[in-house]
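So the structure is just underneath, and the comments pick up after that.
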Amino acid sequence: MTSRNQNRPPRSPSSKKEGVESIPLDKRRRIGMGRTGGATNAERKPFGSVNKKLDVAATSDVGSCVEGSDCGNVEFTKEEIDALVNERLKMKKFDHKGNMELVSELNARLKVCIKWFQKRDEAHVEGEGKLQNALDALEKKCAETEAEMKNKEERFSATISELRQDNTCVQERLVKEESEKLDAIACHRKENEARIALEALQASLSKDLEKAQQDILVANQRAASVDDMYKRLQEYNLSLQQYNSKLHSELEVARESLKRVEKEKSTIMENHSTLRGHYSSLQDQLNLARTAQDEALNQKDTLANEVKCLRGELQQVREDRDRQVAQVQVLTSDVVKYKESTGESCAKLEYLMEKTKSLEGTCSSQREQIRLLEHQLTATNEKLKMSDLSSIQTRAEFEEQRRNVHDLQERLAETEYQLVEGEKLRKKLHNTILELKGNIRVFCRVRPVLPDDVAGSEQPVISYPTSTEALGRGIDVIQSGQKYPFNFDKVFNHDASQQEVFVEISQLVQSALDGYKVCIFAYGQTGSGKTYTMMGRPEAPEQKGLIPRSLEQIFQTSQSLIAQGWKYKMQASMLEIYNETIRDLLSTNKSSGAENGAPGKQYTIKHDANGNTNVTDLTIVDVCRIEEISSLLRQAAQSRSVGKTQMNEQSSRSHFVFTLRISGVNEGTEQQVQGVLNLIDLAGSERLSRSGATGDRLKETQAINRSLSSLSDVIFALAKKEDHVPFRNSKLTYLLQPCLGGDSKTLMFVNISPDPASVGESLCSLRFAARVNACEIGIPRRQMTAQMTS
């Protein structure tokens, strides 16, 4: 702590001297006599006023310093004052607090001394009258004393200036030491941070060293195993050659039968095309006949209208004739009546006779016209009858041709049905061969080109071979002008619908109801359509994925099997593997997850002796209707971890695993079956240079790539038939152990992006899928037991 006087501006050493010199000589003499105990005049000012002239601030500080203390009882001698003034403080070099306390204590004693001087001065003023008589005698002594006091005052001033200089130096050193202390603290903090960084770097380097040593050991073990495997492969190659020759013979027989079916199909298609041409010609003739009939009908209507008009005109002419005949008769009677009376009417009568003859000639000509019109009407009716007869005949021919076309369509439908049945039989035989071989089936699906895809070149990077052997089973990838062909069990192009994809796996899904363990998983890079293939868009019926369609088929089939005495119980569970941590997507306790940092449940994967897989503390829900499954799928989709990267707007950041356990009992045959359906949507592999992942996305990407790398190691070990398969290297491979290395029916979807910028990742995915397709994992085994009766 600093004293109150540290903020006071320093006084020069001559300030006190100047204050003393400003007092007159006689007054200074009287003051000196007063100090030595002599009497003073009543006109003298108190000693406190002189102090105020010297340092007003010091006087106020004295009053505030000794406030509340009893200074009246303190007495000072001259030696004590000299000792107090001449006192040298013993300051330590780095004990600033102690030095400040010593200076404060000295200042306090000086203030008490000054207070005592003030009180003594007041006492001197009171006794100034008594000392006035002795003042003259002591003037000489007072002058000497005054000189001595002046010398002491100078010494005091010098001492005070020195103290002030010391105080200033002390304050400067204190500020400097505080700044040095702050610098030292900052340096210490930086050294701690550097030390922590170095320790972290050392730990990471040690881990990398250990990992490198482990990799070296694993590489040595692999080299030894490769040598052993090479010897076994030579032996296995001989057996494969024998088996290959046998397969070639079977393939030739199948090709011959397929060629015969294709020839029959081509002949049927030719007959169908000729019939279609004949049918089109008959259709044209029928159209011409119909147009001719319509024209005849129109002509008939016009002629009928003309006949009607002519008949009206004829009727009018007849009425005119009758009227004229009546007039002639009247005129004749008049002529006969008036012929006798007058002779002038003869000319008029002749005129009327001529007029009557002309009218009769007009009537005869109109009769001829009516006769001609009747002949034309008769001819038109005959033409109409002939056109009706030709129309009826044409219609009969058309009906006969329609029957022929219908018969041909029935034959074509029957032939197509036979082809479909033959294709089903081929698939069934192919599946049987794969089951006997124990291979993992691989389907390839190419997603459509999206508007966001970069058009690297006009030449597409993916093509499909059109040969008979590779049709629907082959795919070619073009990179830098070089073509890389691949063959799988089935290849779906970008036009394939969700229904077409599901039809190919429907028999495999049916196996779960028959008591087999079935596993279907989707593999591929980010944005290649894995989640769309597995989940789709459940709100749109045509875009439902494999998971909703598979569950609908299972529930529909289980309902239809009730009539045969089967009763099924189904249990569903859903989990995700996020950053090598298992999360329960159906858990109702939301606080147990890692999202909020609280320690959640520790889920453990366990395999029993029968190859069944269980995850401890995982939520398992009994389901009876497809609506319950749909609700659970929506809940799981909301809980699943997704994120945005530069390659995909909504990228799956975890491996999604849906498991349906099926238990069936037939009360009639007393049989029990237990099937398992695993539907897995793997997270997409991606390159950090393209995804641009940072922070949490970077950790997720590293965890995803590590787990997929472990899956690749497992596939390589299975393909080489090594004794040790590293299933425990990741949670994903350990969870898939019964599917990859047991008695399960396993199908892998490899999803490919047609984007030219992703051709490298597409090649890696297809090569990995080819290795998976070559793996033999064992023959699937049906889990069925006979129920014991009591």
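The values are calculated or read from the model by the stated rules, or taken from the named source; none is laboratory data. As the structure is a prediction and not an experimental result, all values here were calculated from the model. No Cβ is skipped: glycine too gets one built from the backbone with ideal geometry, and neighbour counts run over all protein chains shown. For accessibility, only protein heavy atoms count, side chains too; no ligands or nucleic acids. Shrake-Rupley method; radii C 1.70, N 1.55, O 1.52, S 1.80 Å.
Brief remarks follow.
- Model label sites at ASP608 and GLN369, defined 7 Å from Cα along the beta-carbon direction, differ in position by 11.1 nm.
- Extension gain for GLN418-ASP452 works out to 7.9 nm (0.36 nm per residue, less the C-alpha to C-alpha distance).
- Here the accessible area of the range 191-236 is 59 percent carbon and sulfur, with a 1.4 angstrom probe and all protein chains present.
- Per residue, in Å², the accessible surface of the range 252-328 once ligands and nucleic acids are set aside, probe 1.4 Å: 76
- Working ranking of peptides 106-113, 317-324, 160-167 by packing, defined as the average number of other Cβ atoms within 10 Å per residue, highest first, is 106-113, 160-167, 317-324.
- A full extension of the chain between ASP136 and GLU101 corresponds to an added length of 7.9 nm, given 0.36 nm per residue minus the alpha carbon distance.
- Surface accessible to a 1.4 Å probe, GLU250 within the full protein complex, Å²: 90
- Relative counts (whole %) of C-alpha pair distances in the range 448-531, using bins that are 10 Å wide: 13, 37, 34, 12, 3
- Accessible surface of the range 363-417 [probe 1.4 Å, protein heavy atoms]: carbon and sulfur percent: 52
- Per residue, in Å², the accessible surface of the range 130-175 once ligands and nucleic acids are set aside, probe 1.4 Å: 67
- Nearest-0.05 FRET efficiency for SER225 and LYS483, computed from C-beta distance (R0 30 Å): 0.30
- Mean Cβ neighbour count within 10 Å, used as a protection proxy, ranking 474-486, 84-96 highest first: 474-486, 84-96
- Protection proxy ranking of 291-303, 564-576 - average other beta-carbon atoms within 10 Å, highest first: 564-576, 291-303
- Residue-normalised accessible area of the range 347-427, given per residue in Å² at a 1.4 Å probe: 78
- Label-to-label distance, LYS150 versus ARG260, with points set 7 angstrom from Cα along the beta-carbon direction: 15.1 nm.
- Portion, in percent, of the accessible area of the range 87-132 that falls on carbon or sulfur, probe 1.4 Å: 56
- Between LEU238 and ASP514, the modelled label-to-label distance comes to 3.7 nm, taking each label 7 Å out from Cα in the direction of the beta carbon.
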